[in-house]
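In what follows, a single structure is set out as structure tokens and then discussed.
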Amino acid sequence: MAKITFITRENETVTLEGTSGSVMQLAVDNNVPGIDGDCGGVCSCATCHVHVDTAHTSKTGEASEIEADMLELNDHANAQSRLCCQLEISEDLDGVVLQVAEAE
């Protein structure tokens, strides 16, 4: 079980619990504003772009090459950017805080 906190673009805090699947699917299933997951989680649209709180980057690790390439196309990407479709829920993510990125 992992508790994952999303900070929406409107600065609302949404904390969800999950046991498996992607962080994007957890957000979509619970209607987190700003997480759309238009591509269904195949790392091809960036509509699940989040910024990982700097205190939690060790929990999420680094983006894969494919994910990094997708993020390079996003004007709002920074060093803490991840696509939450590429983050699998596990106990390692417990307590992670993710800021929903601005839309393109």
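The values are calculated or read from the model by the stated rules, or taken from the named source; none is laboratory data. Just so you know, these numbers come straight off a predicted model, no measurement behind them. All Cβ positions, glycine included, derive from the backbone under ideal geometry; neighbour counts span all protein chains shown.
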Among the residues of region 31-57, the number that are surrounded by 13 or more Cβ atoms within 10 Å (Cβ to Cβ), more than 10 Å from C85 (Cβ to Cβ) and free of Cβ contacts under 8 Å to residues at least 40 places away in the same chain is 2
In this structure, does S90 turn out to be farther than 15 Å from K3 by Cβ and modelled with pLDDT of 95 or more?
-> no
Considering region 5-49, residues that are closer than 23 Å to M70 by Cα and part of a strand (DSSP E or B), and then whichever is farthest from the chain's Cα centre (by Cα), we arrive at I7
Expected output for region 84-104 (first residue more than 16 Å from T13 (Cα to Cα), partner of a type in the set (K, R) and surrounded by 14 or more Cβ atoms within 10 Å (Cβ to Cβ), Cβ below 8 Å, 6+ apart or cross-chain) is D92/K59; L93/K59
Does region 58-79 hold any residues that are of a type in the set (D, E, K, R), over 13 Å from A101 (Cβ atoms) and touching a residue at least 12 places away in the same chain (Cβ under 8 Å), and which are they?
-> K59, E67
Of all residues in region 53-91, count the ones that are out of contact with any His (no Cβ under 9 Å at 6 or more places or on another chain) and closer than 16 Å to L26 by Cα.
-> 8
Which one of these does E65 not meet: (1) within 19 Å of T8 (Cα to Cα); (2) of a type outside the set (S, T, Y); (3) loosely packed, with under 14 Cβ neighbours inside 10 Å?
-> (1)
Using beta carbons and a limit of 8 Å, which pairs, at least six apart or on different chains, have the first residue in region 9-21 and under 15 Å from D92 (Cβ atoms) and the second one of a type in the set (K, R)?
-> E17/K3
